[in-house]
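**Q** Got a structure here, written out as structure tokens. Questions coming.
The values are calculated or read from the model by the stated rules, or taken from the named source; none is laboratory data. Predicted model only: the values in this text are computed from it and were never measured. No Cβ is skipped: glycine too gets one built from the backbone with ideal geometry, and neighbour counts run over all protein chains shown. Keep in mind that these areas ignore ligands, DNA and RNA; they rest on the heavy atoms of the full protein, side chains included. Shrake-Rupley method; radii C 1.70, N 1.55, O 1.52, S 1.80 Å.
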Amino acid sequence: MIYRNDTPNEANMFFDDIFKNKSPNYDKLINFGFVFNDNTYIFSRHILDNQFDLVVEIPPTPHCQVLTRVIDLDTGDEYRLHLVDSAVGNFVGKVRTECLNILSSIADNCFETAVFKNKNTQQIIAYTKEKYQDNLEYLWSKFPEYAVLRRKDNQKWYAVIMVVKKDKIGLTGDGKIEIMNVRGEPEEIKNIIDGKKFFPAYHMNKKSWVTIGLDSSLEVSEIIKRLDKSYILAKKTTTK
């Protein structure tokens, strides 16, 4: 989240986490009351008994930027004391609280979780939403970087997308990697594991699941093919 007119002394610690790992849904911004003007989504609301106007601007850029200004309606000057983390007092506290409430409402109503940054991951998420009308489900509060995709007819998972440390799947080096677990047939799984693109299933049954490194050189078309197969394998079977 980026604020207009920030300086190093204005830590904005009060608002930093509101839009963390989130991306805007532009249709929902319009429904909320934003107006698209000069290539920017703009929203304004009077706060603190009409003493100030809170202006929120969101340009449609690849990396989410939420720009805010608080304008004194009497003078037209910008009020910025609420951005100074050392500023205390009843009045500045009320300004912060009203800004926080409005920004939180915008985040809750107009933004979607965007934990995964990798291009392949984003294409997969868009693909499943278009083909299967499925959205990621974040099931574990302790693991906010884990999400599942499941069939609607039987609620069985066909993919688990995660951000994990590289050494968790046997890779060397520091940092994290985005991975996806998908279902597979046991014999095929044994044949494709190479420790570079395909890995033994992380936190899943290694006979029927395989982990795909989404940061690898594997073409997204190949990943999608295995995702589709996993969807089929997750189909509920019945016996007569």
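**Q** May I ask you to list the residues in segment 43-84 that are in a loop (DSSP other than H, G, I, E, B) and under 27 Å from the mean Cα position of the chain (by Cα)? Break it down stepwise before answering.
**A** Initially, segment 43-84 is screened for residues in a loop (DSSP other than H, G, I, E, B), giving 48-51, 59-66, 73-77, 80, 84.
Selection gives Pro59, Pro60, Thr61, Pro62, His63, Cys64, Gln65, Val66.
**Q** Among the candidates Tyr158, Tyr146, Tyr138, single out the residue that is of a type outside the set (Val, Ile, Thr), out of contact with any His (no Cβ under 8 Å at 6 or more places or on another chain), within 17 Å of Ile124 (Cα to Cα) and open to solvent by 40 Å² or more (accessible area, probe 1.4 Å). Spell out the reasoning first.
**A** Values: Tyr158 fails: open to solvent by 40 Å² or more (accessible area, probe 1.4 Å); Tyr146 fails: open to solvent by 40 Å² or more (accessible area, probe 1.4 Å).
One residue alone meets the criteria, Tyr138.
**Q** Are any of the residues in segment 175-186 among the polar types (S, T, N, Q) and open to solvent by 60 Å² or more (accessible area, probe 1.4 Å)? Show your work before the answer.
**A** To start, the set of residues in segment 175-186 that are among the polar types (S, T, N, Q) comprises 181.
Then keep just the ones that are open to solvent by 60 Å² or more (accessible area, probe 1.4 Å); that gives none.
For segment 175-186, residues among the polar types (S, T, N, Q) and open to solvent by 60 Å² or more (accessible area, probe 1.4 Å): absent.
**Q** Residues being in a loop (DSSP other than H, G, I, E, B) and touching a residue at least 40 places away in the same chain (Cβ under 8 Å): count how many of those fall in segment 24-33.
**A** 1
**Q** Hey, among the residues in segment 192-240 that are open to solvent by 100 Å² or more (accessible area, probe 1.4 Å) and modelled with pLDDT under 90, which one's farthest from Gly170 (Cα to Cα)? Give the steps one after another, and end with the answer.
**A** Of segment 192-240, the ones open to solvent by 100 Å² or more (accessible area, probe 1.4 Å) are 196, 203, 206-207, 219, 225, 232, 235-240.
Next, from what is left, pick out any that are modelled with pLDDT under 90: 236-240.
Working: Lys236: 33, Thr237: 34, Thr238: 37, Thr239: 39, Lys240: 43 Å.
For segment 192-240, the residue satisfying everything is Lys240.
**Q** Do you know which residues across segment 34-47 are surrounded by fewer than 17 Cβ atoms within 10 Å (Cβ to Cβ), closer than 30 Å to Phe91 by Cα and of a type outside the set (Lys, Arg)? Steps first, answer last, please.
**A** Quick first cut of segment 34-47, residues surrounded by fewer than 17 Cβ atoms within 10 Å (Cβ to Cβ) only: 35-40, 44-46.
With the extra rule that they be closer than 30 Å to Phe91 by Cα, the set shrinks to 35, 44-46.
Val35, Ser44, His46, listed by residue number.
**Q** Which condition breaks for Glu10 when tested against (1) at pLDDT below 95; (2) open to solvent by 30 Å² or more (accessible area, probe 1.4 Å); (3) at negative phi?
**A** (2)
**Q** Test of understanding: among Gly184, Gly173, which residue is over 16 Å from Glu222 (Cβ atoms) and either out of contact with any Cys (no Cβ under 7 Å at 6 or more places or on another chain) or among the acidic types (Asp, Glu) (or both)? Can you show your working first?
**A** On the way: Gly184 fails: over 16 Å from Glu222 (Cβ atoms).
On inspection, the qualifying residue turns out to be Gly173.
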